[in-house]
Amino acid sequence: MVERVYYIHALSALHAGTGQGSGVLDLPIAREVATALPIVPGSSIKGALRDCHWAKEKNGGVKDKVMNAFGPDTDNASNYAGATVFGDARLLCLPVRSFYGVFTWVSSPIVLQRYKRDSNHASLEIPKIPIGKQALVGDQNAACRNEVVYLEDLDLGVDTGSNFCGLIDNWAAVIAASVFPDDQEYQDHFKQRFVIVSDDVFSFFYQNAVEVAARIRIDDEKKTVEKGALWYEEALPAESILWGLALAEKSHFNSFESGKEGGSPLNDMNSAEKILDYVFDSTVTDRPIQLGGKATVGRGRVRLISKG
């Protein structure tokens, strides 16, 4: 089995919801149970990519590639499994309002540790927040003034020691190159706004600094809110960055189709690497993809990035 890291960069607010809420929020976003870290379920990503590939291949009359990579349609689900497995995408960097520099991309040591475990960046050292400080920044960070960053309502002391600056700059460079591989301007933009905060502070941000919108439906005659038509929904803000793992193995599609009368294997998708190349083909992922709900109000436009 071959695995590949993929990234999601939100171009608009992203609502990958749970369908119902139990508290003040009527429509919360999906989160991990243990950490409450926001996620986008792998099933959502797989379904969106399948739709994109289906639209492309249907026009060209080639449907077998889609069924090979993603599996058969529902009526034939028992025939064989698709070759690709999508893990959930987890929050890597959360955009947070900043008094200086407009906003920052914020992450934390425990998140970077999990990301390091899934990626091929084993040589990078996980930063430790010094006692008495709550944040680390790079050498030319736009949000830092007088060894303090002002994020949301918090004033966070910063350690600007040279060793820490170099470490943070390394992490910023790795993430920027992965998420914005062909855009040097945006890479520089990210490096100037990357901040690592303590795990406790990051937990506060991703539980309390996400977007919450009130939605209403107006009665046409009374011009007031219809009864029961006021609700609150949560979303990850635009510019959020998530990562996940996609895995592939040689599909059972080839053997299944070859055994049918007139069937033939797909020779150009006969390895896990080729299947992943197809799934993340640039003709599909170079354009924005819609994930999650609320598409008709502009939610869920994202960039999906993965390089072999």
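Listing for the model above:
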| quantity | calculated |
| --- | --- |
| Subset tally (residues that are among the β-branched types (Val, Ile, Thr), at pLDDT 80 or above and surrounded by fewer than 16 Cβ atoms within 10 Å (Cβ to Cβ)) for the stretch 32-88 | 2 |
| Qualifying positions in the stretch 143-160 - out of contact with any Asp or Glu (no Cβ under 6 Å at 6 or more places or on another chain) and either under 11 Å from PRO127 (Cβ atoms) or crowded, with 19+ Cβ neighbours inside 10 Å (or both) | ALA143, CYS144, VAL149, LEU151, LEU156, ASP159 |
| The stretch 213-248: number of residues that are farther than 30 Å from ILE110 by Cβ and not in a strand (DSSP E or B) | 6 |
| Criterion: at pLDDT 80 or above, touching a helix residue (DSSP H, G or I) at 6+ places or on another chain (Cβ under 6 Å) and of a type outside the set (Ser, Thr, Tyr) - qualifying residue of PHE205, PHE190 | PHE190 |
| Pair list, Cβ under 8 Å, 6 or more apart: the stretch 119-143 residue touching a residue at least 60 places away in the same chain (Cβ under 8 Å) and over 30 Å from ALA246 (Cβ atoms), other residue open to solvent by less than 80 Å² (accessible area, probe 1.4 Å) and in a loop (DSSP other than H, G, I, E, B) | ILE129/SER198; GLN134/SER198; ALA135/ILE129; ALA135/SER198; LEU136/PRO127; LEU136/ILE129 |
| When residues of the stretch 101-113 are limited to those that are open to solvent by less than 30 Å² (accessible area, probe 1.4 Å) and in a loop (DSSP other than H, G, I, E, B), the one farthest from VAL174 (Cα to Cα) | GLY101 |
| Cβ pairs under 8 Å, 6+ apart, first in the stretch 286-302 and closer than 14 Å to ASP51 by Cα and assigned to a loop (DSSP other than H, G, I, E, B), second polar (S, T, N, Q) and at pLDDT 85 or above | LEU291/SER44; GLY292/SER44 |
| Any hit, the stretch 57-64, residues being of a type outside the set (A, V, I, L, M), closer than 21 Å to SER203 by Cβ and out of contact with any Pro (no Cβ under 7 Å at 6 or more places or on another chain) | no |
| Residue identified as buried (at least 16 other Cβ atoms within 10 Å of the Cβ) and assigned to a helix (DSSP H, G or I) among LYS133, LYS116 | LYS116 |
| Scan of the stretch 162-183 for residues that are open to solvent by 30 Å² or more (accessible area, probe 1.4 Å) and either in contact with a Pro (Cβ under 8 Å, 6 or more places away or on another chain) or of a type in the set (S, T, N, Q) (or both), ordered by number | SER162, ASN163, PHE164, ASN170 |
| Filtered residues of the stretch 190-212 (kept if open to solvent by 20 Å² or more (accessible area, probe 1.4 Å) and in a strand (DSSP E or B)) | GLU211, VAL212 |
| Verdict on GLN187 being closer than 28 Å to HIS15 by Cβ, in a helix (DSSP H, G or I), free of Cβ contacts under 8 Å to residues at least 40 places away in the same chain and of a type outside the set (Val, Ile, Thr) | yes |
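This table checks each residue for (1) of a type in the set (Val, Ile, Thr); (2) at pLDDT 90 or above; (3) farther than 30 Å from GLY87 by Cβ.
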residue: LEU154; (1), (2), (3): no, yes, yes
residue: ASN163; (1), (2), (3): no, no, yes
residue: VAL201; (1), (2), (3): yes, yes, no
residue: VAL210; (1), (2), (3): yes, yes, no
residue: PRO237; (1), (2), (3): no, yes, no
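The values are calculated or read from the model by the stated rules, or taken from the named source; none is laboratory data. Note that the structure is a prediction, hence the values are computed from the model and not measured. Positions of Cβ are backbone-derived with ideal geometry, glycine not excepted, and every protein chain shown enters the neighbour counts. All accessible areas refer to the heavy atoms of the entire protein, side chains included, with ligands and DNA or RNA removed. Shrake-Rupley method; radii C 1.70, N 1.55, O 1.52, S 1.80 Å.
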